[in-house]
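Q: I'd like to ask you about the structure that follows.
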Amino acid sequence: MRMKTDVLVIGGGGAGARAAIEAAKNDPKLSIVILNQGPIGKSGLTSMANGGMQWVSHPDDSPRNLLEDIIQVGCYLNDQNLVEVLAEEGPKRAEELIKWGAKMLPFKGGKGGGSADTPPGRPWYPRSHYIPGVTYMAALRNELERHPNITSLEDVIATKLLTTDERVIGATVLNIRTGEFILIEAKATVLASGGLGELFPHSTNAPFGMHGHATGMGYAMAYHAGGELIDMEMVQFTGNQLYPSWLLGNPALLSSMCGGKYVNALGKEFLKLPQPRDAIQRLAHKEIKEGRGTERGGVFIDLTLSPLSSVEIEEQLKISLAEEIAKERWKLIKAMSVNDPDPKNWRVEFTPGGAHFFMGGVRINERCETNLGGLYAAGEVSGGVHGANRMGGNAMVEIIVFGARAGSSAAEYAKSVNWVDPKEATLKDENERLCGFFKIRGVAPRTIMDKIATFMAEYVGVARTETDLKKALSEIESLRANDLPNLRAPQGRCFNLGWVEAIQVPHMVDVAEMIVRSALLRTESRGAHYREDYPETDPRWLKHTRIKKNMELSTTPVIITELSPGE
Amino acid sequence: MKMSDELILLKVFRYDPSTDRAPRYEEYQVPWRDGLLLLSALKYVRDNLDETLAFRDYCCGCSWCMSCIMMVDGKGMQTCSRPLKPGERLLVEPMRGYPVIKDLAVDFGVTIMTPEGAFKKMEGTVIRKEKVDSY
């Protein structure tokens, strides 16, 4: 099957949906196709977000204050032209989202909704707002439906970007429902395919274990098309809950929202908020490594030490879990919570190293253009906005701010160019490649995914060394030599999730390799990238690592417009 | 505790419109563990017992998104928030009122948070509306 569209949007989370809407508003004559791996609003990561968002709303606060905080937390590795956009356009885009029906819940108790990771010593402003992901996506979905020039394709996965002469001209797409391929010719393509948490065994992107929505497909597709990716070593980790086993997503919320204290096995508080997320991870890692961890190998977030009362903690928990929407989950948590329903008595054990967010990605400018003609990127798949560390509450703002910009730029570009007919054999080749996974014997994709997750956690986690990173590289080589050639999908074309995984797995290996090679290159510690063998931040490393086709590594300057280190 | 009490028995609706003339039911035994949820048990089936089983995985895992809703013993529920007790026997079927794509995966059509809307009928699919007894 073949389709033609002016603008193709890959990914139906917040960034993709917002891009499609902006392109549709740009000109009602433009046709827009948006692809999503499941039903829009029931798949991807935006819907699962707890919903903390920060934008400037207090009269004493200013975009300049926010910009300075973001750059300090990002360890000056942010492209400042992008930070300016994020700080300035956040309020406008959030207001628009609320107008479209997203429900903002009130913050109560605690510090009244401040950002927990304001850098130490910086003035603190109340900036956090709370829009649970599910109402956020419901609003975007409703808005998508209001534009007749948008066609949503659900249960589809893009498998390859099509290029000619450094320009992206569309994509091949698998219709998961039928197992058929679609060739989509597009004048402009927006990549909004999200992150890669599932490369790690524990990730807030997949609280029940891997499920195939944050596998880093977008990074790999851009890479194979000739795109430039920056800062691929920058994985943001958060706590991974060890005990009790009920699932909260991100246990850090117990501290930032409910006032829990970070305490080691000896009962001593080992850090005080506010702290950037990377510092929390490193300090927790240090406690455990130096023998002050629990028997399970973790440390505590201790709610018995919270300044809040039982009632206040429960109220905050209900907000962080959007209890009014997630009634079943709330009942379950109460039923399973260490036999003590009073949260004031909870001590939650966690280990560092749950993959939470990816700061690196496809390099963009403030118009969301990439180095390839006709290719735009927005959201987690793009890099440069957050530098070496993302402040809490910025991801959900980033996706609508840059989603809208990508949609607008793609629409303008689409109006200025024509379609390019891809080579006749393109669809046939892709069909043959992907049907090649149907074999009687071989290695199941899940086996390879588990192997990737195991070595990424062991060698490419919170604390890295050259020795470990090289071990990871040899694991990758072994996967390429022994496992990938035998990669096998279950039989059957219709809704075959094993086949979808088989399509994703080689890309996951590519992305793992990009992370490891970039991490080896950066011989310093900065933000989320902590090298035990190079523990200091080195001013000479104030530059992006960059990776291109054939794993070609180089560095490229950070864009500094407002704030230099030391100011 | 006897061994058999620690197994969960799932009777699961199976139907592949591209090959099957009619739906059928298959039974799977899943070892129980503390904190096991129905959706995790289905993932266990797919990873260990039958790799062809199709169902919609969780999106949020927090009982928000309704991606994982199915009929369990004739009652619609979010399987990500359904804890299992040792020895439980359950009948698991696709959510009623939506066209079946394959097995437990349905086409939610154009509706999302409000199931009382129009849904698109897809050709060659079964729409389950009849009431089914529990297992």
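Q: Work out, step by step, the length gained on full extension between A:HIS147 and A:SER554: first 0.36 nm times the residue separation, then minus their alpha carbon distance; give nm to one decimal.
A: On the way: separation 407, 0.36 × 407 = 146.52 nm, distance 4.26 nm.
The A:HIS147-A:SER554 span can extend by a further 142.3 nm.
Q: Amide H neighbours of A:ASN394 under 5 Å, at least 5 residues apart or on other chains, H built in the peptide plane: list them.
A: A:GLN54
Q: Run down the lysines and flag those whose C-alpha is under 17 Å from the C-alpha of A:LYS160, throwing out any fewer than 8 positions away in its chain.
A: A:LYS4, A:LYS187, A:LYS423, A:LYS428, A:LYS548, A:LYS549
Q: Please name which of B:VAL100, B:PRO31, B:VAL45 has its Cα lying farthest along the dipole of the protein assembly as shown towards the positive end, using unit charges on Cβ (Lys, Arg +1; Asp, Glu -1) and the Cα centre as origin.
A: Result: B:VAL100.
Q: Answer rounded, prolate or oblate for the stretch A:366-438, using the Cα gyration tensor with square roots of eigenvalues a ≥ b ≥ c: rounded when a/c is under 1.5, else prolate when a/b is larger than b/c, else oblate.
A: oblate
Q: Still on this structure: Evaluate peptide A:432-444: per residue, the Cβ atoms of other protein chains within 10 Å of its Cβ; return the mean as an integer. Mind showing how you got there, number by number?
A: On the way: counts 0, 0, 0, 0, 0, 0, 0, 0, 0, 0, 0, 0, 2.
Average per residue, whole number: 0.
Q: Provide the per-residue ³J(HN,Hα) series for the stretch A:559-565, in order, calculated from phi with Karplus coefficients 6.51, -1.76, 1.60 and θ = phi - 60°, each as a whole number of Hz, with x at glycine and proline positions.
A: Using θ = phi - 60°, the values come out as 7, 10, 10, 10, 9, 9, x Hz.
Q: Here is a follow-up. What ³J(HN,Hα) values, in whole Hz, does the Karplus curve 6.51 cos²θ - 1.76 cosθ + 1.60 give for the stretch B:62-76 when θ = phi - 60°, with x put for Gly and Pro?
A: With the stated coefficients, the stretch B:62-76 comes to 10, 6, 9, 8, 6, 4, 9, 5, 8, 8, 10, 6, x, 10, x Hz.
Q: Kindly work out what percent of the DSSP beta bridges joining two residues of the protein assembly as shown are antiparallel, to the nearest 5.
A: Around 65 percent antiparallel, to the nearest 5.
Q: Right, here's the next one. What's the magnitude of the charge dipole for the protein assembly as shown around its Cα centre, counting Lys and Arg as +1 and Asp and Glu as -1 at the beta-carbon? Answer in Debye, nearest 20.
A: Around 1060 debye, computed over the protein assembly as shown.
Q: Evaluate the charge dipole of the stretch B:1-98 about its Cα centre and quote only its size in Debye, nearest 20, assuming +1 on the Cβ of each Lys and Arg and -1 on the Cβ of each Asp and Glu.
A: 280 debye
Q: Can you figure out the FRET efficiency of A:ASP165 with A:ASN482, using R₀ = 25 Å and their beta-carbon distance, to the nearest 0.05?
A: The computed FRET efficiency comes out at 0.10.
Q: Give, in nm to one decimal, the length gained when the segment between A:THR447 and A:LYS92 is fully stretched (0.36 nm per residue of separation minus the Cα-Cα distance).
A: Working: separation 355, 0.36 × 355 = 127.80 nm, distance 4.53 nm.
Here the answer is 123.3 nm.
Q: Still on this structure: Out of A:HIS529, A:TRP419, A:MET456, whose Cα points farthest toward the positive end of the dipole of the protein assembly as shown (charges: +1 Lys, Arg; -1 Asp, Glu; placed on Cβ)?
A: The residue sitting farthest along the positive end of the dipole is A:TRP419.
Q: Give the average, rounded to an integer, of partner chain Cβ atoms located within 10 angstrom of each Cβ in A:489-495.
A: 6
Q: I need the Kirkwood Rh of the stretch A:261-371: take the reciprocal of the average 1/r across all distinct C-alpha pairs and report it in angstrom.
A: Working: mean 1/r = 0.0606 Å⁻¹.
Taking every pair of different Cα atoms in the stretch A:261-371, averaging 1/r and inverting gives 16.5 Å.
Q: Let me ask another. Based on the Cβ-Cβ distance from A:LYS334 to A:GLU290, what FRET efficiency comes out when R0 is 35 Å, to the nearest 0.05?
A: Values: r = 36 Å, r/R0 = 1.02.
Result of the calculation: an efficiency of 0.45.
Q: What is the spin-label model distance, in nm, from A:ASP538 to A:LYS268 if the labels are put 7 Å beyond Cα along the C-beta direction?
A: Going by the 7 Å Cα→Cβ label model, 3.3 nm.
Q: Assuming R0 = 41 Å, can you tell me the calculated FRET efficiency for the pair A:GLU432 and B:GLU26, based on Cβ-Cβ distance, to the nearest 0.05?
A: Here the calculated transfer efficiency is 0.80.
Q: Further, regarding this structure: Taking θ as phi - 60°, what are the ³J(HN,Hα) couplings along the stretch A:438-446 by the Karplus curve (6.51, -1.76, 1.60), each to the nearest whole Hz, with x for Gly and Pro?
A: 6, 10, 6, 10, x, 9, 6, x, 4
Q: From Cα pairs below 8 angstrom and at least 6 apart in sequence, can you work out the relative contact order of the stretch A:135-277, rounded to a whole percent?
A: 12 percent
Q: A further question follows. Normalised by the residues of chain A, what does the relative contact order come to in percent, with Cα pairs under 8 Å and at least six apart?
A: Values: 1326 pairs, mean separation 124.7, N = 567.
Over chain A, the number comes to 22 percent.
Q: Would you mind calculating the gained length between A:LYS29 and A:GLU366 on full extension (0.36 nm times residue separation, minus the Cα-Cα distance), in nm to one decimal?
A: Working it through step by step, the gained length comes to 118.8 nm.
Q: Which lysines does A:LYS344 reach when only Cα atoms under 16 Å apart count, and residues fewer than 8 places away in its own chain are ignored?
A: A:LYS261, A:LYS318, A:LYS334
Q: What is the ratio of the Cα radius of gyration of the protein assembly as shown to 2.2 N^0.38 Å, with N the residue count, to two decimals?
A: 0.90
Q: Calculate the mean, over all residues of peptide B:99-108, of how many other protein chain Cβ atoms lie within 10 angstrom of the residue's Cβ.
A: Working: counts 0, 1, 6, 7, 2, 1, 7, 1, 4, 7.
Shielding by partners across B:99-108 averages 4.
Q: How large, in Å, is the stretch A:1-135 by the Kirkwood hydrodynamic radius built from its alpha-carbon pairs?
A: 17.0 Å
Q: For the stretch A:149-274, with the dipole built from +1 on Lys and Arg beta-carbon atoms and -1 on Asp and Glu ones, taken about the Cα centre, which of A:GLY227, A:ALA214, A:ASN149 lies farthest toward the positive end?
A: A:ALA214
Q: Taking the Cα centre as origin and putting +1 on Lys and Arg beta-carbons and -1 on Asp and Glu beta-carbons, what dipole magnitude results for the stretch A:436-534, to the nearest 20 debye?
A: 400 debye
Here, each number is a calculation from the coordinates, and none is a lab measurement. Everything numeric in this text was worked out from a predicted model, so none of it was measured. FYI the Cβ positions are ideal-geometry reconstructions off the backbone, even for glycines, and counts take in every protein chain you see.
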